[in-house]
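The structure under discussion appears below in the form of structure tokens.
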Amino acid sequence: MSAVASGAFPWLSLITALPLAGALAVLLLSRWHPSRARDLAVTVAAAALVLAAIIWHRFDSNSLGMQFQELHGWAPSLGVSYRLGIDGLGILMLMLTAIVVLMSFAASWANSKQGPVYFALVLLLEAGLFGTFTALNFVHWFLFWELSLIPAFFLVRLWGGKKSAQASTQFFLYTMVGSVALLLAFLAIFLAVGSFDFIALTSFAQAGQLSATLARHFGPGGAKLLFWAAFFGFAVKTPVVPFHTWLPATYAEAPSETTMLLTGAMSKMGIYGLLRILLPIFPEQMHRALTLLLWLAIASIVLPAFAAWAQTDLKRTFAYSSINHLGYCVLGVCAVSKLTGADTNLATEKAAALTGVLLQAFSHALTAAALFWFLALLERRSGGIRGLNDFGGLRKAVPVFTGLMGIAIFCSLGLPGLSGFPGEFLILKGVFPLAPWAGSLSLLGLLVTAVFLLNAIQRVFWGPLNGRWAAMPDLTTAELLMLAPALALMLILGLYPQLIAGPVHATVMQWAGQVRF
Amino acid sequence: MTGIGYLELLRLTLPEIAVALAALLAITLDILLAKHATRKIRIHAAVFVGCAGCAAAIFLAHNSPAISLTDGMLVFTPLTTLVQTSLLALSILTLLLCDSIRFTDHIGEYLGLILIATVAMMFLVGTQNLLLIFISLEFLSLSLYLLTGFDKRRRQSAEAALKYFLFGGMSAGFLLFGISLLYGVSNSLDLRILATAAGAPNLDPLMLIAIVMVAIGFGFKVAAAPFHFWAPDAYQGAPTTTAAFIASSSKVAGFFVFVQVVTIGLAGAAGTPAFKPGWAPILILLSALSMLVGNLAAIAQSSLRRLLAYSAVGHTGYMLIGIVAHTPQSLAALLYYVLTYALAALGAFAVLQALDTEGVDTLASLAGLSRRAPGLAFCLLLFLLSLTGIPPLSGFFAKFFLFASALNTGDNFALLWLVLLAIAMSVVSLYYYLRVLKQAFVAPPPEGSAPSETPPLTLATIWTIAGLVVILGCAPNLLLGWIDRAVALSLHP
Amino acid sequence: MLAPALSPTLAWTIYLSFLGALASLFAGNKRPQAARVIALLTALAGLAISISAVVQYRPGEVLTVARLPWIPQLGIEYHLAADGISLVLVLLTGIAATAGILFSWNIEHRTAEFFAFYLALIGGVYGVFLSFDLLLLFVFYEIAIIPKYFLIAIWGSSPRLGQKGHAGTLREYAAMKLALYSFAGSGLVLAGIIAAWVVGGQTMSLQALAHTSFSAHFQMGVFPLVFVGFAVLAGMWPFHTWAPGGHAAAPTGASMLLAGVVMKLGAYGCLRVAMMLFPRGLDPWGIHLLGLGSWRDVFALLGLIGIVYGASIALVQRDFKLVIGYSSVSHMGFALLGLMTLNQIGLDGAVFQMFSHGIIAGLLFAVVGRMVYDRTHTRDLNELAPMHLARAIPFAAVVFIFAAMASIGLPGSSGFIAEFQILIGVWRSLPQMAAVAGFGIVVGIAFTWRALTKAFFSSGPANAAEDPLAPITWPERLGAFLLLATTLAVGLYPRILTDLILPSLDSPLFEGLRTGAWR
């Protein structure tokens, strides 16, 4: 596989180091020029976006294999190397992270409570995410995986609501338990196979040797045990029902600007893990556990939809909705591990499903971030009130706001023409032939989603105007200008999904080839 | 050996004569000076005379030939020279300490008695004849009884002396009985001739009784349990310098003669630790008992001197292990142990002397010593830690050599359990020694206490002893080499 | 084999420490600042020497530092030497000592004596790590006991919250317990080494004894004796009871040294003496008792119990210092487990953990003792919570966050590398224990996070009108930076240590350990 190294310039190290350095600079600057510190932070985030765009531009859509690779020894005697590289999945994640972070900063712009420390922590989180999405050696990857938890914890804890102490601790510990399981699993794999390298492990697994080797070292049940441990680690992060219990509380207690990050970027870590690590390395185990996995995916689609319907706190509604949307991604990933033999049709379906997963991930990042941004704006105007039944008829008071939020909500619904549609469509298109019953059940989720989202619109924006909010100010020009790019992107991607599907095409084809069994 | 002329005898016993003369001179000088000179001058003079005599004796002792007289009456080997030199050195240190005594006006007599006791000890270690052993032992004991009761201001002193005397007299009786039995078995008073008789394959029951009697007698002398009951009272009641003397020199002499009798005279009647009858099983019992009684009783003490007395019993227990093992290496280790123990014990009592604690004997009286007299406190630290067996002080190496030699008997670790008991008791000893040091270093000084004044000569002596303890700890070979050579040359004539 | 290099300067770490102790005592008699400065300079000198030794070291060799006959007729030499493992621990001592002195800068009561005892302790510790003669090692090991007692008895605080009784008595009790346990452990070791000396031909040279083949029967008996003797000081369950109270009662600088370095004396002894000289003692017995078939199984299990037990008790503690004290027991359990894996990566992890935990424990005690307790005069988490310390002393909060991250083994810190290697070693040799070890890690994360959030980031009501807490002094900052930099450097670039440890594990000294039946 050819690796397109861009003249050996360390783009990926640079993009990871940039927010890291930026965070330190912001902290230092905050001692002497606190007001300038925030500006610096936003500049750094913008620069990161520019870098991501440059990398996107240089990304070769047609080449298979990892691009922008960097490889250095780190602790060779322990099998740890400093290895970076991205493919279609990686570049997508980089891009969406950069976008979401900038969106989050934009949303925090008017919020004076969030000082330089907040911005520094967000930049640290961004660095952690960039690192996670580009690392190709388990230890290197795990370092960033765990590191990103720390700023997230403090962001929730220190700027969160009344119950943020409990929520943040639960979030932290839960994720940590998952991480420990992941760690144990991969240490065992290292022991058996002798490598931490994802690429090496993938080819080893594709050659069908991984299970045999693991069985030799850990007995017949060994490979299965390790698979479930690794799955657990990612399942907590994504999250997959029933390991999702930390999410609603955390999303609700965190300030909405932070929730944008959590839902937009951090949640993708789980999907990334499933696609980069779990599926390529454990295809056989995934296949064997297919039914159970599909049921978990269905549960993650349907149950949160119902739960969202029952919520009265808008933040919680959207939190559950987030789980629901990511459930589709999980469904797609799990479904493709089905055994299909040499049926080329089904191979195409698998490719479709995988493309759908990526599209859905990207779209969800945009949409969910946007939705929480709108919530932040609403909370600022309402003085923190965000109950479903606290509003009414807002379209009369804030028509522009209503219109724009409506776009975001419909995008979340999956309305054709907006970015939410292609992803869901492709996933379902791919899943139906592979696992018809799962596909059918997931439609239920689609239905309920529509119900509660429309319900939300109805309660909040339509109906008689609630006298309290008659004087609510509409979106300012600044806010409008900041929101516009995100919404525009939703429209563009809805009409021209090839923008995303193009670069990831080669990667998807490679995966489809890998899961062709 | 044929008879020997008196002049020749005189020449051979010059060291003892020197000390005896010094004793007489000290008494006389004191009587002459009593009316005219101050107390200080009298003390200085007496101490000077005594030290000079002992120093002369050391010099003379090194010029003796290796010779053994009739019936082993007087024996001069490198080993006896070594022990005599050590005894004289310890006596010198004790005399220097006496520079600051305040409990009596009869200075000449007191110091003279110490010197006379020294003479007795020199004879004690220089003989291998049972009768002379007994005579010297009694000579020594009588001197010590007198020295114990010398403090006429305190009732305790007299009480202690009386107890010591009664115990001592009784045990002397046992010893004499045992000696007469030994004479009966071997028809000779010479230890070497006794050895051939004792070495008979089947132990005569009479012999066994004799061994037990001898063990009782010497056990009393070295304060081994269960013959130790005189020790706490003697150490507590006697004047500090006397207690120092008993703890140091007398211990050395007592052990040496015990070793001589048992390993030379009764060699072959050793028996094995596996309870083949002989003196070894008896000594094992004494050793174990001493270690247990000494260390466990010391925990409960609130009187410093009694604590030191019980710890002395414990140390006797350790030292008896050296006799039980009876290899040349273990004998060397035993000698090293008893000499370094004597130094440390002397040092501890020296600190007490410097603090002028006659009649004040609680642990609490040491409170805050490190603030009141930092130098003394530091020296006390060194001495007590040496007694515990903490490196790099001499007491550690003493214990190590002793335990190592006990396990190195080639007997497949027969004494392992005894060594383990010794180690366990050492741990216990850390507890009570630390309690003392805790008072000195941790506890705050009592209100309104001023830094105490110590007489310079006493202070110098204490520092000298401390220096020796440290040097012998860091370079144990200085002493050990000498002992090894002496043992090697003496046991294989 | 390369000719052994001679590097006499390393011995000066020992000599300078003792000289510094005396100098501090005399010069600082009326001037506390003189004592502090002397102590700091001494520690820095030791650190500089150890760093230069590490830098110049050629991997795999044994660096002779001094070799003189001492007591020839007993085969005892004054033999100081260092291999990679010794150097790692010497480096740890240098760093921990310097940091400890920086964090003891505020001692006002009997300052000169404090630093004298402190430096004496450090000298003894250097001596243990540099000794290649068994008796010399033992001598230095025992020298370290007495200063420990006095440091706690004179300058310590009460070992437990709400304990009835005079504070002085309580800390003396903790000090005495620590001293007696250490001495008892060393007593066991003494019995063992005398036995080895007798059977090994009356020599105390580590190298000679390592190549002596003692009978399997002998080793089977002596190994547990020596191992347990050292393991007492390493805080192995169930002989650990002296540790939490002792560390809690000690003054900050002392607990940093005690938990950080002195406990490692025990683990080092386990490796260097028990395992290196008597490796056959780890062989299977041939019978099985309660599922255990060898001393290795027994001690691995005890290490595992220590991990979980320490973490679980720490989880329910109200006393901040005791949380850290029990966490030390848990971390040392990891080290012991790593030792018992008996494979290269596990052993490397164990030595790594010794270093890593030494630094981390120093950090944790520094924050809890010096930064928090000295200012707030309370160790009760319930009392600390309303003080909102993150706002009052943010520096302490940040340092504790980093320390906590390192303690839970977050990647990027030295703790991660250590645990990671030990876990691989466990998978390789003791796979059935891996899951429990992982559970121990989780409990460890839980208690650390609980302590962190409760002490610093509590969100309850604040105490009204508290006097502002004293600002962080520059010695505290320096000390914190030193320790943090170390754990980060080693965590991000573990080769600093692994390049020292791994070649040493391959040296002829560990021949017996490598050729066991269980490889």
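FRET efficiency for the residue A:478 to residue A:382 pair, using the beta carbon distance and R₀ = 25 Å, is estimated at 0.85.
Note on residue A:162 and residue A:36: the model spin-label points, each 7 Å out from Cα along the C-beta direction, lie 4.2 nm apart. Shape summary of segment C:381-519, radius of gyration then Dmax from alpha carbon positions: 20.2, 67 Å. For residue A:26, the shell of other residues with beta-carbons less than 13 Å away shows a net charge of +1, using +1 for Lys and Arg and -1 for Asp and Glu.
At a Förster distance of 45 Å, what's the computed FRET efficiency of residue C:51 paired with residue C:435, Cβ-Cβ distance as r, to 0.05? Rounded to the nearest 0.05, the efficiency is 0.70. Taking 0.36 nm per residue of sequence separation and removing the Cα-Cα distance, the residue C:12/residue C:289 pair yields an extension gain of 94.8 nm. The angle between the Cα long axis of helix C:167-199 and the main principal axis of chain C comes to about 10°, on a 0 to 90 degree scale. Restricting the calculation to Cα atoms, chain A shows an Rg/Rh of 0.96 when the hydrodynamic-style radius is the Kirkwood one.
Amide H contacts of residue C:236 (H built 1.01 Å from N, in plane; Pro and chain starts excluded): no residue 5 or more places away or on another chain comes under 5 Å. Taking 20 Å as the cut-off, the amide N atoms of segment C:213-240 that come nearer than this to a point 7 Å along the Cα-to-beta-carbon line of residue C:514 belong to C:213-214. Expressed in Å, the radius of gyration and Dmax of the Cα atoms of segment C:1-117 are 16.6, 54. What the Kirkwood sum gives for the protein assembly as shown is a hydrodynamic radius of 36.8 Å, with every pair of different alpha carbons counted. Simple point charges give the picture: +1 on the Cβ of Lys and Arg, -1 on the Cβ of Asp and Glu, and for segment A:289-517 a dipole about the Cα centre of about 260 debye.
With the convex hull constructed from alpha-carbon coordinates only, segment A:289-517 shows a mean projected area of 12.2 nm² over all directions. With unit charges on the beta carbons (Lys and Arg positive, Asp and Glu negative) and the dipole taken about the Cα centre of segment A:374-436, which residue among A:421, A:397, A:433 sits farthest to the positive side? Going by the charge dipole, the pick is A:397. Label separation (residue A:203 vs residue A:454): 5.3 nm, computed from points 7 Å beyond Cα along the C-beta direction. Legend: distances between Cα atoms for B:40/B:152; A:113/A:163; C:264/C:321; C:148/C:454; pairs beyond 25 Å are C:148/C:454.
Every helix of 4 or more DSSP H residues in chain B counts as -39500 (n - 2.57), and over all residues that averages to -23500 deg cm²/dmol at 222 nm. Viscosity 1.002 mPa s, temperature 20 °C: Stokes-Einstein D of segment C:149-264 from its Kirkwood Cα radius, in µm² per second? My calculation gives 137 µm²/s for D.
Ranked from largest, the principal axis spans of the Cα set of segment B:94-249 equal 57, 28, 18 Å. Overall, chain C carries a charge dipole of about 580 debye about its Cα centre when +1 sits on the Cβ of Lys and Arg and -1 on the Cβ of Asp and Glu, all other atoms neutral. For the peptide C:214-227, the mean number of other protein chain Cβ atoms found within 10 angstrom of a residue's Cβ is 0.
How far is helix C:474-492 tilted off the main Cα axis of chain C, in degrees rounded to 10, range 0 to 90? Computed tilt is about 50 degrees.
A Cα-only calculation for segment A:330-399 places Rg and Dmax at 20.4, 60 Å.
Among A:122, A:472, A:286, whose Cα lies farthest out toward the positive end of the dipole of chain A, if unit charges sit on the beta carbon of Lys, Arg (+1) and Asp, Glu (-1)? Among A:122, A:472, A:286, the one farthest towards the positive end of the dipole of chain A is A:472.
Report the far tail of the P(r) of segment A:1-97, meaning the percent of Cα-Cα pairs longer than 18 Å. I get 55 percent for the Cα pairs in segment A:1-97 exceeding 18 Å.
Charge dipole (Cα centre; +1 on Lys/Arg Cβ, -1 on Asp/Glu Cβ; no other charges) of the protein assembly as shown amounts to roughly 2560 debye. With a simple spin-label model that places each label point 7 Å from the Cα along the Cα-to-Cβ direction, the separation between residue A:443 and residue B:193 comes to 12.6 nm. Calculated FRET efficiency, residue C:474 to residue B:453, Cβ-Cβ distance, R0 = 56 Å: about 0.80 to the nearest 0.05.
The alpha-carbon of residue A:350 sits under 20 angstrom from the alpha-carbons of these lysines, leaving out residues fewer than 8 places away in its chain: A:338, A:429.
Calculated over segment A:391-511, the projected area of the Cα convex hull averaged across directions stands at 9.1 nm². For segment B:6-491, the convex hull spanned by the alpha carbon atoms encloses 127 Å³ per residue.
Placing unit charges on the Cβ atoms of the charged side chains and taking the dipole of the protein assembly as shown about its Cα centre, the candidate lying farthest along the positive direction among A:10, C:178, C:42 is A:10.
Read the figures in this text as sums done on the coordinates, not as results from a lab. Owing to the predicted nature of the structure, the values given are computational and were not obtained by experimental measurement. Cβ: placed from backbone, ideal geometry, glycine included. Neighbour counts: every protein chain shown.
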